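Heads up: the structure comes next, in structure tokens.
The values are calculated or read from the model by the stated rules, or taken from the named source; none is laboratory data. Here the structure is a predicted model, which means the values were calculated and not measured. Cβ placement follows ideal geometry from the backbone for every residue including glycine, while neighbour counts extend to all protein chains displayed.
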Amino acid sequence: MTTSTHIKRFSARGLLPAWFFLALLLVACGDSGPPSVQESVLRRGNGAEPESLDMHNAISTEAGDVQRDLGEGLLGFSPTGELRAAAAERWVISDDGLEYTFSLRPEARWSNGEPVTAADFVYSFRRLVDPATAALYLISVTNIENADKIIAGELSPGALGVAAVSTHEFRIRLNSPVPYFLSLLTHPSTFPLHRASVERLGDEHLRAGNLVSNGAYKLQERQVGSHVELVRNEYYWDNENTKIDRVVHYVTPEPMAELNRFRAGELDMTRTIPPESFVQMKDERPDEVRTSPSLAVYYYGFNLTKPSFRDNPKLRQALSMAIDRETIADEVMGRGETAAYGWVPDGTANYQPRRFSYADMSRKERHHTARQLYREAGFGENNPLTIEVRFNTSNVHQRIAASVQAMWKEVLGIGTVLINEEFHVLLANVEQKDITQVFRLNWSGEYNDAHTFLSMFESDNPSNLTAYQSVEYDSLMDRAAAQTDPDRRKVFLAEAEGLLLNDHPAIPIYFYVNKSMVSKRVQGWGDNVLNYHYSQHLSLAAEE
Amino acid sequence: MSALSSLVRHARSSRAVTVCATMLLVIAMISLIGPLISNHSYFAADFDNRMLAPTMTGGHFFGTDELGRDLLARTLSGIRVTLLVAVIASLVSLGIGVLYGAVAGYIGGRVDGFMMRIVDGLYALPFIFFVILLMVAFGRSMLLILIAIGAINWLDMARIVRGQTISLKQRAFVDAARLIGVSTRGIIFRHITPNLLGVVVVYMTLAIPQAILMESFLSFLGLGIQAPQTSLGALVSDGVSQMEQASWLLVIPAVALAVILLCFNFLGDGLRDLVDPKGNT
Amino acid sequence: MLRYAFARILGAIPTLLLVIAIAFLMVHAAPGGPFDSERVLPPDIKENIERAYHLDETLPQQFYRYIKGVVRGDLGPSYRYRDFSVSELIAGAIPVTMRIGALAILLALIVGISAGLIAALRRNTVLDRLVTGIAMIGISVPVFVFAPLMVLVFAVTLKWLPASYTGSDGADRLLLPVIALAMPQIAFIARLTRASLIDVMNSDYVRTAKAQGLKTLSIVRYHAFRPAMLPLISYLGPAFAAVLTGSVVVEHVFGVPGVGRFLITASANRDYTLVLGITVFYAAMVVFLNLVVDLLYAFVDPRVRTR
């Protein structure tokens, strides 16, 4: 190779063609064809990547929203959150509240045209409790006969209390009455599965082209980190009333980036609205900001296994009273969050939430009592207290912790050390109950019933992270559970909540709010506490 | 110490270097003295004064953030932390790198070959991922951040120092020392290392902006300095999310960060030109 | 040259093993597990899951199982994205990351070299000052400031370009991420080219050529350009590494479904296998790119080749 050929191959002259090449490359990549037919496409910002489309493997709300478009359970919700018939047209509950018999819609079809039968439900329920499935979310079925023993590996899945009475009749037997059982049957983990394709294809059954679904939509395409695309299921029994032909659930883990995409016209609705931008959006696009109360509570828990907090309800109450919940909800958050003076949010079905005895005191009065309690608990200027608060890393938690720090300092003179930890580190520390003192967590209701909030404090509940132990509380919860009459059950639950509010095992701070940007084009949107928005209920107005 | 003093003498003659060095000194001084004069703390929330825009009157010259914390106090505190992190992290990389490079370069032969093969091997490690894992796994102590950033930058330092050492080794004064019986360790510590100082100072000046960017990168990913402490990187990445509602929360720390980075870059460039006009090292 | 390349690849194997071992220990040392949440799992359910993912085995057993898989090209199942294997996840994300990374390097080289040449040839003019000044700003403004600003201006306000990678199917979606990723590299390369060309133009043989009456442009074209590019080629290795690192931020801001974005979420989720898979992938990339750079160097500089 001579030097001159080298020079020709590698010289400054190459730069000009290189510029052309670069321009060409960019143009060449942009060969997207025009949309072929006039179809109605809904573009949803769906938050983080849905971890799985397998009805039995997913636990997140992001996965749930996709699954509710793909599949259909025995029951579903209306746009405004009322429970209503879905795959089952009607049902009968036995007098003892233990046996549920569902009549399935005879016209219901899978996306491959085969009929949806009771056997599909039996298969799905058995697969869910099968230890080999390793499902994460079993709350919907744990009360079904023998479920516990199957999960523990003592019985085979065939022993589960479910049966196909006939092709279109499906029966469930429970261990004990569960008043909110019907609402559990809206959860994707209870959706039917198409047995033949699941057994033949294994994990491959979840791929586009393989996935057989019974909901209003079927899977068209999935690109991890990018989107899940669904198209109309022509065989769906209510296909006539499905307006939107194509739904794209975009992966939008960053709220700020998601909002920018909405503003750039790339999305029709968002999963959330970042706190920083809420006021601005309220000003600029008031018609497109949708908020509604949510079934979730933000709280600070005490580690009740350690001194200072153990056996010291006065201190715990003083700390709770010193927090100005309105300031945090309205000023620091300001997206419609409401101050939490109890554990069960307003809007919870069949329940009258209780409130702290000091909920209606004036701020001055409250602070005064808090100081008094603090002194009675044995602390004061001469014996000041220092508290460590742990929370997981995020701007919002940081702001709230700094606010609480300022309030405790101002009212009680307490020094607070703020420790932010990565979420899994925080969880590990909280579970170990060794070094934690006060920790931030939240609890979101998984069904619309007060039980979902109150069961967290039962002595044997693994999610009881404060280690609150109260025989009285447990017995109240047990009595509520045994009660089939909703009004009498309500009384026991309220009494239990009252006990919690007296004992302060943790401090509820605010109730969350569902918040989304929803384009003016989107019709049929209903606000509901669970924040479920089935695509099949929505439609798009013509472009202006 | 002749290398260093001649560097300082030369440096005085370059305007860019003088201006940048002065500016950095002034910024550092302000960030140290500021908190003594200001009556605002960088961490105390003040709910009556949230999100105030910068004003000449009213005490909050740089405005306040979403918790009513004074942005001037926070920026000064951020500068302090950023400079501290960057300088100490660079010193860490300097310490490891100089020692490693000087030993490899001076001993030479197979030892050198082996030691440099290790450096080459380590270059292939995706360090940034280890740093991320480290932060996620073991919490975000200041110490860990310092070690992590220092551990990334020492490789460059080791290579540069090794090259310099090899050329120094052949100089007459090293031969003389060897002839009069100074031990290898003595030669490395007493004769080689001091003469490396000029080059080392220059490259440290260039390593500092790298460390600053690294720290802000970690802050952006939520893995940086522990709140309520703050760094310029953390302030900037907070500001980014509020740039439309409160532009000052982005602009002020971002300008501070850019000015510091610019100064270090100009300073390093200028110094390098003085030490090594051809940039061959 | 082939033998050299082969030896280099063999030599990288211990490095990769070391990477796997360190990363394996680190992810497992991190507190918390992949299936933790504020909703604590009942013991029976937890047991079933741990058994299904072999998390009930001892660490050495798990490590052995993992290495055995890696040798067969199987990076294991993802603990978080349970529908996919780690190999599938990474394979799906690589083309995106590579495309943006390669375009960014290309853009950085073309723009950087052009700017550097102009600055060097018009040394100490306004043009030179402008290029040097912009380059300085380029390396002094973090990508995470620059990238969201571009989104705000070009996507949200002007609506010229999509705000995110998945917001369009066309090439326009590449523009902002590529520019954001290339920006610091453009600055570095322009500075490097300028310094290097000035250096070469002051060398004896160029002075000789000048004395012979050759025009500056043809001197650059035939004599100075190639030697001036040598330091640039050495910089390519670090540039690739920097682009890979930068992709973490850029993919985050623009919602690019690439490899970099996985890493943060995967380590936050304790998705052990995915974290390991990505780390191994990146290490292999760096090893490979360094090899390419060395070969390129040998190709451009005959002195290296004969060694």
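The residue list B:L206, B:L267 contains one member that is more than 9 Å from chain C (Cβ to nearest Cβ) and at pLDDT below 85, which is B:L206. Exactly one residue out of B:S237, B:S231, B:S247, B:S241 is of a type in the set (S, T, Y), buried (at least 23 other Cβ atoms within 10 Å of the Cβ) and either without any contact (Cβ under 8 Å) to a residue 12 or more places away in the chain or facing chain C (nearest Cβ under 10 Å) (or both), and it is B:S237. Would a scan of region A:151-170 turn up a residue that is in contact (Cβ under 8 Å) with a residue 24 or more places away in the chain and within 13 Å of another protein chain (Cβ to nearest Cβ)? Yes, some residue in region A:151-170 is in contact (Cβ under 8 Å) with a residue 24 or more places away in the chain and within 13 Å of another protein chain (Cβ to nearest Cβ). When C:F24 is tested against the conditions (1) within 14 Å of chain A (Cβ to nearest Cβ); (2) modelled with pLDDT of 85 or more; (3) surrounded by 14 or more Cβ atoms within 10 Å (Cβ to Cβ), the lone failure is (1). From the list A:A496, A:A480, the one residue that fits, being farther than 19 Å from A:N143 by Cα and either in contact with a Phe, Trp or Tyr (Cβ under 8 Å, 6 or more places away or on another chain) or crowded, with 20+ Cβ neighbours inside 10 Å (or both), is A:A496. Out of B:A53, B:A73, B:A45, which single residue is of a type in the set (G, A, S), over 29 Å from B:I208 (Cα atoms) and crowded, with 21+ Cβ neighbours inside 10 Å? Only one candidate passes the filter, namely B:A45. Of the residues making up region B:213-228, those that are surrounded by 22 or more Cβ atoms within 10 Å (Cβ to Cβ), part of a helix (DSSP H, G or I) and not hydroxyl-bearing (S, T, Y) are B:M214, B:E215, B:F217, B:L218, B:F220. Within region B:225-258, the set of residues being closer than 17 Å to C:H252 by Cα, in contact with a Ser or Thr (Cβ under 6 Å, 6 or more places away or on another chain) and not aliphatic (A, V, I, L, M) comprises B:G233, B:S237. The condition (being within 29 Å of A:S60 (Cα to Cα), in the same structural domain as A:G336 (by TED's automatic domain parsing) and free of Cβ contacts under 8 Å to residues at least 40 places away in the same chain) is satisfied by just one residue among A:S470, A:S475, A:S444, A:S463: A:S463. When C:P43, C:P31 are screened for being within 14 Å of chain A (Cβ to nearest Cβ) and surrounded by 14 or more Cβ atoms within 10 Å (Cβ to Cβ), only C:P31 passes. Considering region B:108-212, the qualifying helices (runs of 4 or more DSSP H), each wholly inside and each with 3 or more residues that are charged (D, E, K, R), run over B:109-123, B:142-169. Checked against (1) at pLDDT 80 or above; (2) out of contact with any Gly (no Cβ under 7 Å at 6 or more places or on another chain); (3) among the polar types (S, T, N, Q), B:T165 passes all but condition (2).
Is it the case that C:R261 is assigned to a helix (DSSP H, G or I), in contact (Cβ under 8 Å) with a residue 12 or more places away in the chain and within 11 Å of chain A (Cβ to nearest Cβ)? Criteria met by C:R261.
For region A:247-279, taking the residues that are polar (S, T, N, Q) and not in a helix (DSSP H, G or I), the one that is nearest to C:V250 (Cα to Cα) is identified as A:T252.
The condition (being of a type outside the set (K, R) and farther than 30 Å from A:T80 by Cβ) is satisfied by just one residue among A:D346, A:D311, A:D287, A:D330: A:D311.
Checking each residue of region C:88-103 against the condition of being without any contact (Cβ under 8 Å) to a residue 40 or more places away in the chain and crowded, with 18+ Cβ neighbours inside 10 Å gives no match.
Listed here are the residues, each with its yes/no results for (1) among the acidic types (D, E); (2) part of a loop (DSSP other than H, G, I, E, B); (3) within 14 Å of chain C (Cβ to nearest Cβ); (4) in contact (Cβ under 8 Å) with a residue 24 or more places away in the chain.
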{"residue": "A:H205", "(1), (2), (3), (4)": "no, no, yes, no"}
{"residue": "A:A208", "(1), (2), (3), (4)": "no, yes, yes, no"}
{"residue": "A:N214", "(1), (2), (3), (4)": "no, yes, no, yes"}
{"residue": "A:L230", "(1), (2), (3), (4)": "no, no, no, yes"}
{"residue": "A:Y236", "(1), (2), (3), (4)": "no, yes, no, yes"}
{"residue": "A:K243", "(1), (2), (3), (4)": "no, yes, no, yes"}
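Here region A:341-391 is the region considered, the condition is being modelled with pLDDT under 90 and under 34 Å from the mean Cα position of the chain (by Cα), and the residue that is surrounded by the most Cβ atoms within 10 Å (Cβ to Cβ) is A:T348. Among the numbered conditions (1) assigned to a strand (DSSP E or B); (2) touching a Lys or Arg at 6+ places or on another chain (Cβ under 7 Å), the only one that A:R90 does not meet is (2).
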